[in-house]
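Peer 1: I have a structure I would like to understand better, so I am pasting it below and will then ask my questions one at a time.
The values are calculated or read from the model by the stated rules, or taken from the named source; none is laboratory data. Owing to the predicted nature of the structure, the values given are computational and were not obtained by experimental measurement. Here the Cβ positions follow ideal geometry from the backbone for every residue, glycine too, while neighbour counts run over all protein chains shown. Areas reflect the complete protein model, heavy atoms only, side chains present, ligands, DNA and RNA absent. Shrake-Rupley method; radii C 1.70, N 1.55, O 1.52, S 1.80 Å.
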Amino acid sequence: MSVEKISHIGIAVESIEKWLSYYKDVLGLEYTGSEEVAEQKVRVAFLKIGESQIELLEPTSDDSPIAKFLEKRGGGIHHIAIKVDDINTALTRHHEAGAQLIDNEPRIGAHNMRIAFIHPKTSGGVLMELCEEPP
Ligand code: ZN
């Protein structure tokens, strides 16, 4: 199993429409599209930054995990996503280490990636997302 790069950094915002122009027009990143991830009750927008991306996350309902995050902490960095080539092995390694996981099994996230979230208690306070690209 190898860890390849930072796939993306997830930033929670109350409105993508409100913040997208900063990232696109002022910072100058290339906007690569938006999609809704119904299961997580979020809408996401991706902006390319070198080999990685910035993912803006906006809640689509009041009980979205992003709505709760915004309520508790305001906008800001929500998670860091690490791209691995074998998410099953990465999760097994976490299980063996006694890590606290939010997802015991991979599920499907944005871009059809197989993803799993690791609890911040395991990683020093940052929500981590493991992700593996679809074949
Ligand atoms: Zn993410």
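Peer 1: Among the residues that make up the stretch 44-53, is at least one of them at pLDDT below 95, open to solvent by less than 50 Å² (accessible area, probe 1.4 Å) and within 15 Å of the ligand (Cβ to nearest atom)?
Peer 2: No, there is no match, as no residue in the stretch 44-53 is at pLDDT below 95, open to solvent by less than 50 Å² (accessible area, probe 1.4 Å) and within 15 Å of the ligand (Cβ to nearest atom).
Peer 1: If a residue has to be of a type outside the set (Asp, Glu), open to solvent by 30 Å² or more (accessible area, probe 1.4 Å), on the phi < 0 side of the Ramachandran plot and part of a loop (DSSP other than H, G, I, E, B) to count, how many in the stretch 76-100 make the cut?
Peer 2: So the count comes out to 2.
Peer 1: Among GLY10, GLY28, GLY33, which is within 16 Å of the chain's Cα centre (by Cα) and on the phi > 0 side of the Ramachandran plot?
Peer 2: Unique residue meeting the criteria: GLY33.
Peer 1: Please determine, by comparing only the residues of the stretch 1-34 that are assigned to a strand (DSSP E or B) and in contact with a helix residue (DSSP H, G or I) (Cβ under 6 Å, 6 or more places away or on another chain), which one is least open to solvent (accessible area, probe 1.4 Å).
Peer 2: It comes out as ALA12.
Peer 1: Evaluate the stretch 63-75: report whether one residue or more is within 16 Å of the ligand (Cβ to nearest atom), in a strand (DSSP E or B) and in contact with an Asp or Glu (Cβ under 7 Å, 6 or more places away or on another chain).
Peer 2: No, the stretch 63-75 contains no residue that is within 16 Å of the ligand (Cβ to nearest atom), in a strand (DSSP E or B) and in contact with an Asp or Glu (Cβ under 7 Å, 6 or more places away or on another chain).
Peer 1: For residues in the stretch 101-119 being open to solvent by 30 Å² or more (accessible area, probe 1.4 Å) and within 19 Å of GLU35 (Cα to Cα), which is nearest to the ligand (Cβ to nearest atom)?
Peer 2: Per the stated criteria, the residue is HIS111.
Peer 1: Report the residue count in the stretch 107-119 for those that are part of a loop (DSSP other than H, G, I, E, B) and either among the charged types (D, E, K, R) or out of contact with any Asp or Glu (no Cβ under 7 Å at 6 or more places or on another chain) (or both).
Peer 2: So the answer is 2.
Peer 1: Please determine whether any residue of the stretch 8-25 is without any contact (Cβ under 8 Å) to a residue 40 or more places away in the chain, under 19 Å from GLU133 (Cα atoms) and away from the ligand (no atom under 16 Å from the Cβ).
Peer 2: no
Peer 1: While we're on this one: Quick one: which of GLU51, GLU55 is acidic (Asp, Glu) and either under 11 Å from ALA12 (Cβ atoms) or in contact with a Cys (Cβ under 8 Å, 6 or more places away or on another chain) (or both)?
Peer 2: Every option except GLU55 fails the conditions.
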